[in-house]
Amino acid sequence: MASFSYKRGAEYPYLTLTWEGETASGVYAGIDMSTDYTFSMTLTEVSSTTAALTSTTNMVGLSTGVRIEWATGDLDNAPGIYVLALRATIGGLDRDYRPGNPLTIEIK
């Protein structure tokens, strides 16, 4: 499980994620998301079904993935463990970020 820790109310550091896709059987490489992609994310406390944060802004596509640039208030949630769900969309096709285990954000 990939886990990141932030102080409540933090805006930095940005969260940069490599987003890989299978280019051949068993071969993976970073996906170029630097143009034409839009992004959305939700941050949901692990014991809840209600998103504490839903956003479609402050995410930047990179040549090998995406960078989340936390805005004021994005991480101003009660201390706890949150699951980050991230989606990239291009040409009507959605890709969900699934690194094998859920990404979690701990807010202290």
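Among Ser48, Ser34, which is exposed (fewer than 12 other Cβ atoms within 10 Å of the Cβ) and assigned to a loop (DSSP other than H, G, I, E, B)?
From the options Ser48, Ser34, the qualifying one is Ser48.
For every residue, the table says whether it meets (1) in contact (Cβ under 8 Å) with a residue 24 or more places away in the chain; (2) among the hydrophobic types (A, V, I, L, M, F, W, C).
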residue	(1), (2)
Asn58	no, no
Trp70	yes, yes
Asp74	yes, no
Gly80	yes, no
query: Taking Thr89, is it under 19 Å from Asp32 (Cβ atoms) and modelled with pLDDT of 95 or more?
result: yes
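Just the residues that are free of Cβ contacts under 8 Å to residues at least 40 places away in the same chain and not in a strand (DSSP E or B), please, taken from segment 88-108.
Once the filter is applied, which keeps residues that are free of Cβ contacts under 8 Å to residues at least 40 places away in the same chain and not in a strand (DSSP E or B), segment 88-108 yields Gly92, Arg98, Gly100.
Being within 16 Å of the chain's Cα centre (by Cα), at pLDDT 95 or above, within 30 Å of Asn77 (Cα to Cα) and small (Gly, Ala, Ser) is the requirement here; does Ser34 meet it?
Details: within 16 Å of the chain's Cα centre (by Cα): yes; at pLDDT 95 or above: yes; within 30 Å of Asn77 (Cα to Cα): yes; small (Gly, Ala, Ser): yes.
Judged against the criteria, Ser34 is a match.
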task: Tell me which residues, restricted to segment 66-87, are of a type outside the set (A, V, I, L, M), surrounded by 19 or more Cβ atoms within 10 Å (Cβ to Cβ) and not in a loop (DSSP other than H, G, I, E, B).
output: Tyr82
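The values are calculated or read from the model by the stated rules, or taken from the named source; none is laboratory data. Every value quoted in this text rests on a predicted model; they were computed, and no experiment measured them. Cβ coordinates were reconstructed from backbone atoms using ideal geometry, including for glycine residues, and neighbour counts include every protein chain displayed.
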